[in-house]
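Notes follow once the structure below has been shown.
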Amino acid sequence: MQGAGSVLAGLVAGPLLRRRPERVFAAAGIALFATAVAARALPYDAVVPASAAGVGAGLPCVLIAALTAVRREVPAAVVGRTAATAHTLMYVPNALVLALGAGLIAPADPAVLLPLTGAAGPLTAWAPAAPGHARRKTPRQRPPGGSATEV
């Protein structure tokens, strides 16, 4: 189910990124992931497949949005190095948090950890979607020989 959610996210990513900024797409993915993780704490077996699909759909949204932003915003001459750095910045924290989570499983009950993780999601999703977080446009340059009013 998680894989099906990822495939679905991949199929809708292109059309959604044409309509919305990357930061909004990433925030939606974080919110979906957080909701799916929190739902997994519910004591119903039927929640598990839906939760897995939500996790599978939410996580790729963040990765797709970040790498789309790199490709759109970075000059072609340095896109390879920038993409490599972006991958490192995205995947190294993931590995560290997985290790931390594995260490927390023994002393803490998953029924507590899952809702806490889900509760942290909206705060994390709010950061890229915050109104002041919008990308700043650089001022347009005047064309050679033209006046400022023609821009």
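Derivation of every value follows stated rules applied to the coordinates shown; laboratory data play no part. Computed from a prediction, not measured in an experiment: that's the story for all the values here. Neighbour counts are summed over all protein chains in view; Cβ atoms, including those assigned to glycine, are modelled from backbone coordinates with ideal geometry.
Please tell me the relative contact order of segment 1-82 in percent, rounded to the nearest whole number, where contacts are Cα pairs under 8 Å and at least six residues apart. Spell out each step's value before the answer.
Values: 100 pairs, mean separation 36.0, N = 82.
The value is 44 percent.
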remark   = Computed ³J(HN,Hα) along segment 107-121: with the Karplus parameters 6.51/-1.76/1.60, θ = phi - 60°, integer Hz and x for glycine or proline, the list is x, 10, 6, x, 5, 9, 5, 5, x, 5, 5, x, 5, 6, x
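Quick one: net charge around Val12, please, counting Lys, Arg +1 and Asp, Glu -1 for every other residue with C-beta under 12 Å from its C-beta. Mind dumping the intermediate values first?
Values: positive: Arg18, Arg19, Arg20; negative: none.
With Lys, Arg at +1 and Asp, Glu at -1, the neighbours total +3.
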key: Theoretical FRET efficiency, 1/(1+(r/R0)^6), r = Cβ-Cβ of Ala106 and Arg18, R0 41 Å, to 0.05   = 0.35
note = Taking every other residue with Cβ under 13 Å from the Cβ of Ala83 and scoring Lys and Arg +1, Asp and Glu -1, one gets +2
remark   = Whole-Hz Karplus couplings 3J(HN,Hα) for segment 94-105, θ = phi - 60° and coefficients 6.51, -1.76, 1.60, Gly and Pro as x, run 4, 5, 5, 5, 4, 5, 4, x, 4, x, 7, 4
request  = Mind running the shape call on segment 1-142? Use the C-alpha gyration tensor, a ≥ b ≥ c as the square roots of the eigenvalues: rounded below 1.5 for a/c, prolate if a/b tops b/c, oblate otherwise.
outcome  = prolate
